[in-house]
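In what follows, a single structure is set out as structure tokens and then discussed.
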Amino acid sequence: MEKENINSSNLNQIIESKMEKVSEIRELGLEPFGRKYDKQHNVDYILNSYEENCETVFKTAGRIMSYRRQGKNGFGHIEDLSGKMQYYVKKDEIGEEAYELYKKVGVGDFLGIEGILFKTSTGEITLRVKKFEILTKNIRPLPEKFHGLTDVETRYRQRYIDLIMNREVKDTFIMRSKIINQIRIFLQNKGFLEVETPMMHPILGGASAKPFVTHHNTLDMELYLRIAPELYLKKLIVGGYEKVFELNRSFRNEGISTRHNPEFTMMELYQAYADYNDMMDLTEELISSLAMTLHGKDVLPYENEMINYAKPWKRITIKDAIKEHTGYDFNTITTLEETREIAKKLGIQVDEKASYYKLIIEIFEAKVEEKLIQPTFITEYPKEISPLAKLKKDSTDYVDRFELFIYGRELGNAYSELNDPVDQKERFEEQVK
């Protein structure tokens, strides 16, 4: 039985042992690092094809994830992208020479196997191997297989190991690909044109984030990796396109965590003749349709909560959300002094230079955001922190803007674009002051 408890002291010994097996395979006139293999069936197809007394021969390939051998018999599990399946090797059936070769494989090796199905006494569908082929001999040990890969640092810095050891991560990556594909299909069916805009910008724009700086040798000028595609997409609207979107990479030279990455995928879309209410409707329909298309249901688990993506979603102003979760009503509380005292009572460290509107945002972020578990649109943000958004009708202080929160996290931000050049200039001048 093969079991590998890996630490720094025995790593070299394990690699040396594996290299010895590589040499032994070569001495037999075989390639330990093989060539093309005619894989005919995925593991999930094989498992779903099981029937009693089935004599169909299946041929597949994958990585050995478990390996045990006792006397003239061997069991193991082989895994490909579609799933994991048990196999059984019997010396009397494959022959002594082949069985001696089988002794030289182990966990992490890629193996091609061919055989018929049966069920073990425990009811596990298993492939009885008639032929096998070593496709690639693994010479470095995988993480200890009985506990998997749990170190967060290793998982994120060596994602390929994470994918090998944690099946749910591999499934998440597959689902991510499906989600992006369905987003494209949804928007294209709505008449949106997908575009690609420059990733190297001569000027900063689109968001208030620190950029990555690079240098263009031929033009002898500094350029910035884009922090958002916003400016170029707006130029396309000015140029006459009415519905455009881009789903691509952006870069922000800021912190790293499990929730933030300097290089990330972001989608931005713009629609002429629409406002932020239309964007709320579109966002709600997009995400709820993704749930039904990919999972066939509206209610899905995330962490310790069940999230309901069925329409309609809650829409509430930022002041009403604060009132709902703290009891303080800033529809009636309008002075800076009283707002500062409330923030202190709520345990928020107050910047004495912060304005009334900045304090409202700080109260919201500290005491409300994490409680927005079900899909919720927060609306009516202050003009002071939304310099590119159109004023709310009959208001001088609040704009037509929303942010979408699910499970306490902001997933989207949109607003009716400010298209009044005079108002825009005044706001920029005020920001400079």
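The values are calculated or read from the model by the stated rules, or taken from the named source; none is laboratory data. This one's a predicted model, so the numbers in the text were calculated from it and none came from an experiment. In this analysis, Cβ positions are derived from the backbone assuming ideal geometry, glycine residues included, and neighbour counts consider all displayed protein chains. The protein model used for the area step is the full one, side chains on, heavy atoms only, and it has no ligands, DNA or RNA in it. Shrake-Rupley method; radii C 1.70, N 1.55, O 1.52, S 1.80 Å.
Remark: relative contact order (the chain) = 8 percent; criterion is Cα-Cα distance under 8 angstrom and separation of 6 or more residues. Placing a label point 7 Å from the Cα of Leu300 along the Cα-to-Cβ direction, the residues of region 159-193 whose backbone N falls under 18 Å from that point are 168-187.
Between region 162-229 and region 391-428, the C-alpha centres lie 23 angstrom from each other.
Rolling a 1.4 Å probe over the protein heavy atoms leaves Leu142 with an accessible area of roughly 20 Å².
For Leu231 and Met19, a Förster radius of 56 Å and the Cβ-Cβ distance give a FRET efficiency of 0.50, rounded to the nearest 0.05.
Keeping to pairs on different chains or 8 or more places apart, tell me how many lysine pairs in region 126-262 have Cα atoms under 14 Å apart. Write down the numbers at each step before the final one.
Working: Lys170/Lys178; Lys190/Lys243; Lys234/Lys243; Lys235/Lys243.
Number of lysine pairs found: 4.
Multiplying the residue separation of Asn48 and His215 by 0.36 nm and removing their Cα-Cα distance gives an extension gain of 54.6 nm.
Stretching Asp423 away from Arg26 to a fully extended chain increases their span by 135.3 nm, per 0.36 nm per residue minus the current alpha-carbon distance. The smallest convex shape that holds all Cα atoms of region 72-207, its convex hull, gives 216 Å³ per residue.
Long hydrophobic helices in the chain, taken as whole DSSP H segments with a C-alpha length of 18 Å or more on their own axis and mean Kyte-Doolittle hydropathy at least -0.5: 167-189, 276-295.
If you take the Cα centroid of region 353-378 and the Cα centroid of region 61-127, the two points sit 56 Å apart. With all protein chains kept in place, the per residue accessible area of the chain amounts to 58 square angstrom at a probe of 1.4 angstrom. For region 285-414, the spread of Cα positions along the three principal axes, ordered from largest to smallest, is 51, 33, 21 Å. Of the whole protein surface, His295 contributes about 90 Å² of accessible area at a 1.4 Å probe radius. Which log10 I(q)/I(0) values does the chain give at q = 0.06, 0.13, 0.14 Å⁻¹ under the Debye formula, counting every alpha carbon as one identical point scatterer? Per q value, in the given order, log10 I(q)/I(0) is -0.42, -1.18, -1.29. Looking at region 192-273, the GluC sites (Glu not before Pro) that sit in a DSSP loop and have at most 14 other Cβ atoms within 10 Å of their own Cβ are Glu196, Glu242, Glu254.
In terms of accessible area, using a 1.4 Å probe and ignoring ligands and nucleic acids, Asp423, Asp394 rank largest first as Asp394, Asp423. Each stretch of four or more DSSP H residues adds -39500 (n - 2.57); spread over every residue of the chain, this sum gives -10000 deg cm²/dmol at 222 nm. Once all protein chains are placed together, Thr120 keeps about 30 Å² accessible to a 1.4 angstrom probe. For the set Met279, Met200, solvent exposure ranked by accessible area (probe 1.4 Å, protein chains only) runs largest to smallest as Met200, Met279. With every protein chain in place and a 1.4 angstrom probe, the accessible-area ranking of Thr126, Thr332, largest first, reads Thr332, Thr126. For region 284-356, trypsin sites (Lys or Arg not before Pro) meeting the loop criterion (DSSP other than H, G, I, E, B) and having at most 15 other Cβ atoms within 10 Å: Lys297, Lys353.
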